[in-house]
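For reference, the structure is listed below as structure tokens.
The values are calculated or read from the model by the stated rules, or taken from the named source; none is laboratory data. Since we're looking at a predicted model, the values are computed, not measured. For neighbour counting, all protein chains shown are included, and Cβ atoms are generated from backbone atoms with ideal geometry for every residue, glycine included.
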Amino acid sequence: MDRPPVIRPLAVLWKGLLLFLILNLLTAAFPLDGLGRVSLYNRVFPGRERLPFGENPAQSYNLSLFDLDAMFASHVIAGGEKPAEEYRIILIGDSSVWGTLLRPEETLAGRLNAAHLTLCGREARVYNLGYPSLSLTKDLLLLDYAMRYDPDLVLWLTTLEAFPLDVQLTAPIVAHNAPRAQALIARYRLPFDPADPALARSTFWNRTLVGQRRALADLLRLQMYGVLWAATGIDQAYPPDYPALQVDLEADLSFHGLQPPALRETDLAFEVLDAGFRAAGETPVLLVNEPMFLSRGENSDLRYNFFYPRWAYDDYRRLLGERAERSGWNYLDLWNLLPDSVHYTNSAIHLTPQAEAVLAERLVEAILQSPCP
Amino acid sequence: MTLTSILILAGLAAGLGILARGRWRLPLLLSVSALTVYALQPALPIRFLDFWLPTVTLGLVVLGWALTAPPEQRAWRANWPAAAILAGVVLLLGSSRLLGLDLPAVGRPPRPDSLLLFAAAVAGLAFFFSRSVRRSRLWLALGVIFLLTLFVFLKYPPLTAALSAWLRLWNGQSPALASALDIRWLGFSYLAFRLLHTFRDRQSGRLPPVSLAEYAVYAVFFPALTAGPIDRLERFVADLHRPRPLDSQGWLEAGKRLTLGLFKKFVLADTLALIALGPVNALQVHSPGWTWVLLYAYSLQLYFDFAGYTDMAIGLGRLMGIQLPENFNAPYLKPNLTQFWNNWHMTLTQWIRAYVFNPLTRALRASNRSIPAAIIILAGQLSTMLLIGLWHGITWNFALWGLWHALGLFVHNRWSEWTRPRLAALSGVRRRLLDLGGVVLTFHYVTLGWVWFALPDPLTSWQVFLKLMGAG
Amino acid sequence: MSDEVITKLAEYIAAEILKQPGRVLDPDESLLTSGLIDSFHLVDLALFVEDNFGVHLDDAELNASVFDSLNQLADLIRSRQ
């Protein structure tokens, strides 16, 4: 008679450990890139109206992760082939474009879509590809990725905070996408060091399964939160109250370590802006200096708002205007379109839903003048 | 409990399984269990409370033993080591600050003299109980009443908040911030039911004589401290006397249960928890289909969470040679509600059956045979299920949840009485189809019941019911 | 002797609890975990055992871990007679 096989616990243990080790070596040798493209969004769940970002996932049903494939795969822009009758506009920018404290339909993209524009005989459809951090290189990274979705027009909103050299590579999404950032530095000969310590280095260890556990868990969580996004349409936490916009200002004249009297062109990352235009290729780009709050409170003779001393911002506007002129960029300076505090929520660049509608109205005029292919 | 604390407990359990043998076994199990009562108690905003609650837990255990032990078990010679261990744990942890130690997982102890006073009071009461043999029935009855009253205070939010306000005032803290969440007493629900079981069995004369060490290890056995199972003293002590050997089979069984439990809790339940129905998303969800998805997620999350903890407890117990009872046996795959309740949180339902349902039904059945069976069944189901509901907390929602199940059980009982002779001939495919239909129906009845359980007030639950039906 | 106990129990269960007087119960068949006998009828069964065999089954003993089949119940009864 056959006796049941004897199972020895130590054998189970070491075989298990060995399998685990082999699995880790395999994932280190053959990285799981592209796993992020596997997504339930646009299939089981509707695509997200903006890129995943969230510091408080339990309330926002959204989370911050660094896998661009997964981020875009969850976005409604990845929902299939572009229809022939669609005129595709993508919005690039910071949290003011992404829409902090705004519901998807209240953001700039939402307002522009509500205008139901017809361009070149096609229906305009606007996609919100803004992302909450201030860095032109972050904008370039997302724009470069987004070009595969074949936009007809790029609307790039920006502000001085995205220009200083010290913020370019430190935005988390850039820092955690080192290979992509290094490729951009090489391709566009950007004045940054590819070995900059801000860029997270890929080591053998963090390519193993154990090293990637956080990233893998994030992919899973992004899919799980798809259920709540689909069920509720909520993609950020809307606190009942938040610290108000700062009106009275510090008497501080420095800007990112720079002192008056003047900003030089080399203090700002114009090369990244230029790279963005080149990345867009034939696709027209409309560059917008975004509106901001102009304080009349304490020390407003020295500063415009929490972000900017007057001297630095004035210089920036002048330099950007000159550079746009020189490079033939299609540029719109809307810095003082919405000067009052009533237009802003919790920061000098976060517009209220009503102010977004005003901005959208102003941008529609400019969009309608875009050339047809 | 966090993954880290479970891994530490697993290491401790394995260490005890290997090293704690012979006469060292019981004292070591007792020491580790008593220390764990402190280590697992969550931090609380009321000063010193997170040290006092574990201390009171140990005090209640000593008094419980003194009340239930028969005179021949009370010999000081046999029990002083256990008493010394318990007092030693309390006083050692209590004086840790004086010794310059800042123990990471233990709450801030009050002044050692108050602990000494407490220990003396417990010892005095225990001595009194053991001398007062002739009045023991009275003291047992008072013990039952005391535990039930304490239970009500901790489970009825307004009373808990009042207790919190009183404790804050007594401590010189502001009572304005008092909330029912201030008094989270780790493991009390399970402890109370273990002690009540020993009191009742002592009253009926069925309780086996046990030493203080055995009684205390049973009451606060660390694998079962936070999430059960409840177990019965006679069964537990039998394992204490004759531990299952930690041989190959033992390691395999324990390893399997632990791995399974970790997987259920930290992979399945915690992932489902991200999307499970809750008081906030219940109001945000805007379509019936997705409301069902959130509800299914809650239903499965609750099961995997609880069953996962039970698996871990059984695995940890097995490492130390103790076979804790099963708490779940595939409850969601049962063909009717009666079967569901035979396989869901089994140790709690068995407890309630033993001490509420059976005595009640027996009394009604035996005393007056003219009461129709249906009435007796309804009374039994209502009292049982309401109690199980209120065990989770004395709120309208838990009561409605209990009512939901009582009515479900009653209807199933009447239905099966009527169909049993008629469907007896059914076999083969038809029987299996009927069972499958039953499984689906039962799962949905239970899952809909969770709408009461998951949400804080009946109005929200009602809104969710409307949403589920497409009428929200 | 034990056969007599089992026969008597089996007849009672088939006729009074299952309402199928003709049904033959296997002495090792699971009664409780299978759901054949519910908690209410279990109390009736305990009263029947008390009346007919003079053996008291405690409330806490009425569960599957104490007895689940006719054989186990008969053993329990015999051990107390």
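Cβ-Cβ distances below 6 Å connect the following pairs, each with a first residue in the range A:220-236 that is farther than 16 Å from B:D270 by Cα, a second residue that is among the small types (G, A, S) and assigned to a helix (DSSP H, G or I), and a separation of six or more residues or different chains: A:Q236/A:S60.
When the range B:109-165 is limited to residues that are under 25 Å from B:L93 (Cβ atoms) and among the aromatic types (F, W, Y), the one that is modelled with the highest pLDDT turns out to be B:F118.
Specify the residue that is farthest from B:G250 (Cα to Cα); the eligible residues are those in the range A:1-20 that are modelled with pLDDT under 90 and more than 13 Å from chain B (Cβ to nearest Cβ). The qualifying residue farthest from B:G250 (Cα to Cα) is A:M1.
Select, from B:R137, B:R131, the only residue that is assigned by TED's automatic domain parsing to the domain that holds B:V220, within 27 Å of the chain's Cα centre (by Cα) and surrounded by fewer than 15 Cβ atoms within 10 Å (Cβ to Cβ). Working first, answer last.
Details: B:R131 fails: within 27 Å of the chain's Cα centre (by Cα).
Exactly one residue qualifies, and that residue is B:R137.
Within this structure, B:T442 passes the test of being touching a Lys or Arg at 6+ places or on another chain (Cβ under 7 Å), farther than 30 Å from B:R184 by Cβ, among the β-branched types (V, I, T) and not assigned by TED's automatic domain parsing to the domain that holds B:G187. Just give me the residues in the range A:221-244 being at the interface with chain B (Cβ under 9 Å from one of its Cβ atoms), over 21 Å from the mean Cα position of the chain (by Cα) and among the hydrophobic types (A, V, I, L, M, F, W, C), in sequence order. Scanning the range A:221-244 gives A:M224, A:V227, A:L228, A:A230, A:A231.
Here B:L360 clears all of (1) within 20 Å of the chain's Cα centre (by Cα); (2) facing chain C (nearest Cβ under 10 Å) except the condition numbered (1).
Of C:E61, C:E11, C:E16, which residue is out of contact with any Ser or Thr (no Cβ under 6 Å at 6 or more places or on another chain), within 9 Å of another protein chain (Cβ to nearest Cβ) and not small (G, A, S)? Among C:E61, C:E11, C:E16, only C:E61 is out of contact with any Ser or Thr (no Cβ under 6 Å at 6 or more places or on another chain), within 9 Å of another protein chain (Cβ to nearest Cβ) and not small (G, A, S). Residue-level analysis places A:Y87 among those that are at pLDDT 90 or above and under 29 Å from A:F277 (Cα atoms). Taken together, the criteria place B:F443 among residues that are in contact with a helix residue (DSSP H, G or I) (Cβ under 9 Å, 6 or more places away or on another chain), within 24 Å of C:L36 (Cβ to Cβ) and either touching a residue at least 60 places away in the same chain (Cβ under 8 Å) or of a type in the set (V, I, T) (or both). Exactly one residue out of A:R214, A:R189 is surrounded by fewer than 17 Cβ atoms within 10 Å (Cβ to Cβ) and part of a loop (DSSP other than H, G, I, E, B), and it is A:R189. For beta carbons closer than 9 Å, sequence separation of 6+ or different chains, a first residue in the range C:64-81 that is assigned to a helix (DSSP H, G or I) and a second that is acidic (D, E), the qualifying pairs are C:L70/C:D26; C:L70/C:D28; C:L70/C:E29; C:N71/C:D28; C:Q72/C:D28; C:A74/C:D3; C:L76/C:E61. The set of residues from the range A:21-63 being surrounded by fewer than 12 Cβ atoms within 10 Å (Cβ to Cβ) and within 14 Å of chain B (Cβ to nearest Cβ) comprises just one member, A:V44. Taken residue by residue, the range B:181-190 has at least one member that is in a helix (DSSP H, G or I), more than 14 Å from chain A (Cβ to nearest Cβ), free of Cβ contacts under 8 Å to residues at least 60 places away in the same chain and under 30 Å from A:Y61 (Cβ atoms). Within the range B:416-472, the set of residues being exposed (fewer than 14 other Cβ atoms within 10 Å of the Cβ), of a type in the set (G, A, S) and away from chain C (no Cβ under 14 Å) comprises B:G428, B:G437, B:G470, B:A471. In the set B:A216, B:A224, only one residue is under 15 Å from the mean Cα position of the chain (by Cα), away from chain A (no Cβ under 14 Å) and crowded, with 20+ Cβ neighbours inside 10 Å; that residue is B:A224.
Selection within the range B:393-415: residues that are in contact with a Ser or Thr (Cβ under 8 Å, 6 or more places away or on another chain) and more than 10 Å from chain C (Cβ to nearest Cβ). The member of this set that is nearest to B:P157 (Cα to Cα) is B:N397.
Looking only at the range A:309-326, decide whether some residue is more than 14 Å from chain B (Cβ to nearest Cβ), touching a residue at least 60 places away in the same chain (Cβ under 8 Å) and surrounded by fewer than 17 Cβ atoms within 10 Å (Cβ to Cβ). No, the conditions are met nowhere in the range A:309-326.
Would the range C:2-18 turn up any residue that is surrounded by 15 or more Cβ atoms within 10 Å (Cβ to Cβ) and not in a helix (DSSP H, G or I)? Within the range C:2-18, one or more residues are surrounded by 15 or more Cβ atoms within 10 Å (Cβ to Cβ) and not in a helix (DSSP H, G or I).
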